[in-house]
Amino acid sequence: MPKDAQHARETLLDVRNLSVDFRTPRGRVKALRDITFPIRRNRIVGIVGESGSGKSTVLWALLGLLAKNAEVMGGEVRFGDRDLLHASETQLRATRGEEISVVFQDPMTSQIPVLTYGRQMLDILYRRPDVSASEKRRMAVEMLGKVGIPDPDKRIDQYPHHFSGGMRQRAGIAMALLTGPKLLLADEPTTALDVTMEAQIIHLLQDLQKELDATVVVVSHNLGLIAELCDDVVVMYAGEVIEAGDVREIFHNAQHPYTRALLECDPARIDDVSRKLPVIPGDIPDLTRALSGCIYAPRCQRAMPVCRTETPPDVRRGEMSQARCHLLEGPHHDPVWMSASRLPPAKPSG
Ligand code: SF4
């Protein structure tokens, strides 16, 4: 099969050369700069990065819900034969909910406190005029049961404040999956939960993804969550994708110095829990300023003079993996760096 046809068959959604600016009183913030990555069908894809990396802007772009002060400077988000960045509001409304849906970090902000789950779920199915109200209720009860809500036929008539935090998140997932979307987006889905609930939600998302043959994108700052939950990972830094690919490949032999630094700071890899967690020294650069060379150079322990002046190459490993660094290709290529993963293994999660 030709490569392009295979890529199209495997890819549910394709972000291509996407650049987004925000107009702010401080000037234009270059929030995303020329980012490209595919989301493969039937995979769980993690988008990870520090605060300010642009990962949330990507999520809003995938939903066609960028803020009013955002300006798409170039690129596209292909979903089937549509470009979500240039679709009409009517097309986007039909896509959101039916084909792409979202689970938010805090269910209290996305669920309506004065409506029962039954009523809210009925409203989600408003685009199905030929389905009777009793059938819609049956579908909702079934989905609540699928996400592990006990006695769903009774609890469907309760309000969000009757549910615990973990149960509310389960209900949020049930609502997001009710229409059978092709793509489920989850924004920091476990950040508001304790460790036990987090583990339960991770396993639930994994089980549902398999059972429903869905594709899931998880946006998170939590590397442990990404490692445990995802098949693919996209690592973002200061509005750029600096590394992407199969999660096991990247977690075992990250190629980009930022990814390695992030992994070295991951609590799951640190044995002495009494010592202070390491952090990567320095800050994300000011994105209102013109930037040249490698965006990570001011914080990179391996930075060379060329890194401050020349944009590093995007180096591909296979069809889906990529990393952006001078150490990986060209005159500054360092084969020792590429082969040496000096990371301690992650501890098995409990
Ligand atoms: Fe570090 Fe240079 Fe690679 Fe950037 S291009 S990550 S500064 S070694």
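None of the figures in this text is laboratory data; all of them are computed from the coordinates on show. What you see is a predicted model; the values in this text were computed from it and never measured. Note that we place each Cβ from the backbone using ideal geometry, even for glycine, and neighbour counts take in every protein chain shown.
So for 146, 30, 210, fewest C-beta neighbours within 10 Å to most, what's the order? The partial results should precede the final answer.
Numbers: 146 18, 30 22, 210 11.
Final ranking by Cβ density, sparse to dense: 210, 146, 30.
Counting only other residues whose beta carbon sits under 9 Å from that of residue 218, what net charge do I get with K and R as +1, D and E as -1?
On the way: positive: none; negative: 187, 188.
Around residue 218, the surrounding residues sum to -2.
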Any idea what angle helix 195-212 forms with the longest principal axis of the chain, computed on alpha-carbon atoms, 0 to 90 degrees, nearest 10? 80
Starting with the highest mean, order 71-84, 127-140, 240-253 by the number of other Cβ atoms within 10 Å, averaged over the residues of each peptide. 240-253, 71-84, 127-140
In degrees, nearest 10, the alpha-carbon axis of helix 89-98 is tilted away from the dominant principal axis of the alpha carbons of the chain by 80
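Pairs of alpha-carbon atoms within less than 8 angstrom and 6+ residues apart define the contacts here; what relative contact order does the chain have, in percent? Walk me through the numbers on the way to the answer.
Numbers: 598 pairs, mean separation 67.2, N = 350.
About 19 percent, as a whole number.
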Pairing the Cα long axis of helix 165-177 with the longest principal axis of the chain, what angle in degrees results, from 0 to 90 and rounded to the nearest 10? 90
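Cβ under 11 Å from residue 175's Cβ, residue 175 left aside: what net charge do those residues give with Lys, Arg +1 and Asp, Glu -1? It would help to have the intermediate numbers written out before the result.
Numbers: positive: 168, 170; negative: 123.
Local net charge: +1.
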Heads up, the chain by the C-alpha gyration tensor (a ≥ b ≥ c square roots of eigenvalues; a/c under 1.5 rounded, else a/b over b/c prolate, else oblate) looks prolate
To the nearest µm²/s, what D does Stokes-Einstein give for region 115-179 at 4 °C and 1.567 mPa s, using the Kirkwood radius over alpha carbon pairs as Rh? 113
Work from the charge dipole of region 115-179 (Cβ charges, +1 for Lys and Arg, -1 for Asp and Glu, about the Cα centre) and give the residue of 160, 150, 116 farthest towards its positive end. 160
Can you give the % of DSSP beta bridges in the chain that are antiparallel, to the nearest 5? 65
Out of 190, 309, 11, a Gaussian network model of the chain with alpha-carbon springs under 10 Å gives the largest mean-square fluctuation to 309
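For the residues 230, 307, 265, what sequence is obtained by ranking on other C-beta atoms within 10 Å, fewest first? Don't skip to the answer; put the middle values down first.
Values: 230 26, 307 22, 265 15.
So the residues, fewest neighbours to most, are 265, 307, 230.
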What whole-number distance in Å separates the alpha-carbon centres of region 33-85 and region 6-25? 5
Number of Lys pairs (Cα under 19 Å; 8 or more positions apart or on different chains) in the chain: 10
First check a/c for region 1-139, with a ≥ b ≥ c the square roots of the eigenvalues of its C-alpha gyration tensor; if it is under 1.5, answer rounded, and if not, answer prolate when a/b is larger than b/c or oblate otherwise. oblate
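By the scheme Lys and Arg +1, Asp and Glu -1, what is the net charge of all other residues having a beta-carbon under 11 Å from that of residue 40?
Values: positive: 9, 41, 43; negative: 10, 14, 231, 232, 246, 319.
Overall, the nearby charge balance is -3.
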